[in-house]
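Written out below as structure tokens is the structure these notes cover.
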């Protein structure tokens, strides 16, 4: 099996074999390739970076250049079994609209994001008074693509307000799963499987 980043591995292991999948913000296509080659999925991707799109296409993947904030509207309802938004939600201009589109075009959606309430982030702000630079947030505030900083608790409230069902959730500290207990404080990264 392809060695995937831990969050991508969790997602890949929970996608049904043979499913139709759209990965929004697919990067270099690592997850798409694993889903295609190892789970027999029919995969498509959308990526904003033209160099990543070219790399994906060079690997034989069906990937288009597009912007999640604008281009998801062109997909028909329920076009995919799964729509994936991995570490991309916090980089969108209108995460609320992107989430609505994601759940319109996919019967189920995987959404993952860095948790800005993790204790190391809190300590960095408390003791240093500056925006943190961590393993999952490795760049300075002025270089980061993150424009909407969210926490596990923010996301749980967001989906509850919109009647979005959380089928499963996983929380990571480093590359290890951590319990849902105090996830807002303990988890560096959150992954949710959602549906309407």
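The values are calculated or read from the model by the stated rules, or taken from the named source; none is laboratory data. Fair warning: this is a prediction, and the values are worked out from it, not measured in the lab. Reconstructed Cβ throughout: ideal geometry from the backbone, glycine too, with neighbour counts over all protein chains shown.
Criterion first (within 13 Å of the chain's Cα centre (by Cα) and closer than 18 Å to residue 134 by Cα) does residue 148 satisfy it?
no
Looking at 155, 171 in this structure, which one is over 26 Å from residue 47 (Cβ atoms), surrounded by 15 or more Cβ atoms within 10 Å (Cβ to Cβ), without any contact (Cβ under 8 Å) to a residue 60 or more places away in the chain and in contact with a strand residue (DSSP E or B) (Cβ under 8 Å, 6 or more places away or on another chain)?
Exactly one of 155, 171 is over 26 Å from residue 47 (Cβ atoms), surrounded by 15 or more Cβ atoms within 10 Å (Cβ to Cβ), without any contact (Cβ under 8 Å) to a residue 60 or more places away in the chain and in contact with a strand residue (DSSP E or B) (Cβ under 8 Å, 6 or more places away or on another chain), namely 171.
Looking only at the range 139-165, how many residues end up being touching a helix residue (DSSP H, G or I) at 6+ places or on another chain (Cβ under 6 Å) and assigned to a strand (DSSP E or B)?
Selection size over the range 139-165: 0.
Conditions tested, residue by residue: (1) under 15 Å from the mean Cα position of the chain (by Cα); (2) closer than 16 Å to residue 102 by Cβ; (3) surrounded by 14 or more Cβ atoms within 10 Å (Cβ to Cβ).
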position: 6; (1), (2), (3): yes, no, yes
position: 24; (1), (2), (3): yes, yes, yes
position: 35; (1), (2), (3): no, no, yes
position: 45; (1), (2), (3): yes, yes, yes
position: 48; (1), (2), (3): yes, yes, yes
position: 58; (1), (2), (3): no, no, no
position: 63; (1), (2), (3): no, no, yes
position: 68; (1), (2), (3): yes, yes, yes
position: 73; (1), (2), (3): no, yes, no
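Kindly evaluate residue 123 against the criterion of being at pLDDT below 90 and either over 17 Å from the mean Cα position of the chain (by Cα) or within 24 Å of residue 187 (Cβ to Cβ) (or both).
yes
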